[in-house]
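Student: Mind looking over this structure? Questions follow.
The values are calculated or read from the model by the stated rules, or taken from the named source; none is laboratory data. The shown structure was predicted, so the numbers you read here are calculated from the model rather than taken from an experiment. Positions of Cβ are generated from backbone atoms using ideal geometry, with glycine treated the same way; all protein chains shown enter the neighbour counts. Note: accessible area is taken over every heavy atom of the protein model, side chains too, but ligands, DNA and RNA are not part of it. Shrake-Rupley method; radii C 1.70, N 1.55, O 1.52, S 1.80 Å.
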Amino acid sequence: MKPVRIGLIGVGTVGASTALVLKNNALEIGRRAGRSIEVIHASRRTISQGMPAGTEAIPLTADPFEIVNNPDVDIVVELIGGTGIAKDLVKQALLNGKHVVTANKALIALHGKELFAAAE
């Protein structure tokens, strides 16, 4: 079975930790999920900071729209917060038929109705 391919938007404290947890626990996560889960593309505003140690092989871009428009990404994980560009990114990902994971409460509170409609 093909792996679930993750696109990670935001590689700050939470995003870097997410990439590391997914990499370091890949075997157990794959066992529990029934198929492997791989981060295949990531974006961060300051690309010169790179990816955390152990995840340097993940391609990195400064343009988060490359993630949501990447046909190889199955799930977009939004970890930048806010309601500006985060809304545009999540909406575009949904319109592209991707699943989205976010803990962005402000985004859901202010734009949830519109985003849920796009997800339909």
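Student: Among ALA106, ALA62, ALA19, determine the one that fluctuates most according to a GNM of the chain built with springs between C-alpha atoms less than 10 Å apart.
Tutor: ALA106
Student: Quick one: how many lysine pairs does the chain have with C-alpha atoms less than 21 Å apart and a gap of 8 or more or different chains? Give me the count, please.
Tutor: 9
Student: Separate question: Compare the peptides 10-16, 30-36 by average per-residue count of other Cβ atoms within 10 angstrom and give them in order, highest first. Mind showing how you got there, number by number?
Tutor: Numbers: 10-16: 18.9, 30-36: 11.9.
In descending order of packing, they fall as 10-16, 30-36.
Student: So how tilted is helix 105-119 from the main axis of the chain? Cα-based, degrees 0 to 90, rounded to 10.
Tutor: 80
Student: Between VAL77, VAL21, VAL90, where does the largest GNM mean-square fluctuation fall for the chain, given springs only between Cα atoms within less than 10 Å?
Tutor: Its mean-square fluctuation being the largest, the pick is VAL21.
Student: Now for a separate question. Heavy-atom accessible area per residue, the chain, 1.4 Å probe: how many Å²?
Tutor: 57
Student: Amide H to amide H, which residues 5 or more places from VAL101 or on other chains are under 5 Å from it, using H placed in the peptide plane?
Tutor: VAL76, VAL77, GLU78
Student: Against the longest principal axis of the chain, how steep is helix 13-24, in degrees 0 to 90 to the nearest 10, with axes from Cα atoms?
Tutor: For helix 13-24, the angle is close to 40 degrees.
Student: Only Lys, Arg, Asp and Glu count, each charged at its Cβ (+1, +1, -1, -1), so figure out the dipole size of the range 72-120 about its Cα centre, rounded to 20 debye.
Tutor: About 200 debye.
Student: Using Stokes-Einstein with the Kirkwood hydrodynamic radius over Cα pairs, what translational diffusion coefficient do you get for the chain at 4 °C and a viscosity of 1.567 mPa s, in µm²/s rounded to a whole number? Each step should come with its number before you reach the end.
Tutor: Working: Rh = 14.5 Å.
The calculation lands on 89 µm²/s.
Student: Given a cut-off of under 8 Å on Cα pairs at least six residues apart, what relative contact order in percent is computed for the range 12-114?
Tutor: This gives 20 percent for the range 12-114.
Student: Charges only on Cβ, +1 for Lys and Arg, -1 for Asp and Glu: so what's the dipole of the chain about the Cα centre, in debye to the nearest 20?
Tutor: With Lys and Arg at +1 and Asp and Glu at -1, about 280 debye.
Student: What do you get for the angle between helix 85-95 and the principal long axis of the chain? Use alpha-carbon atoms, 0 to 90 degrees, nearest ten.
Tutor: 80
Student: Same structure, new question: Could you work out what % of the accessible surface of the chain is carbon and sulfur, using a 1.4 angstrom probe and leaving DNA, RNA and ligands out of the count?
Tutor: Its accessible area is 57 percent carbon and sulfur atoms.
Student: Taking amide hydrogens as modeled 1.01 Å from N in the peptide plane, which residues meet the under 5 Å criterion relative to ASN70, leaving out close sequence neighbours?
Tutor: none
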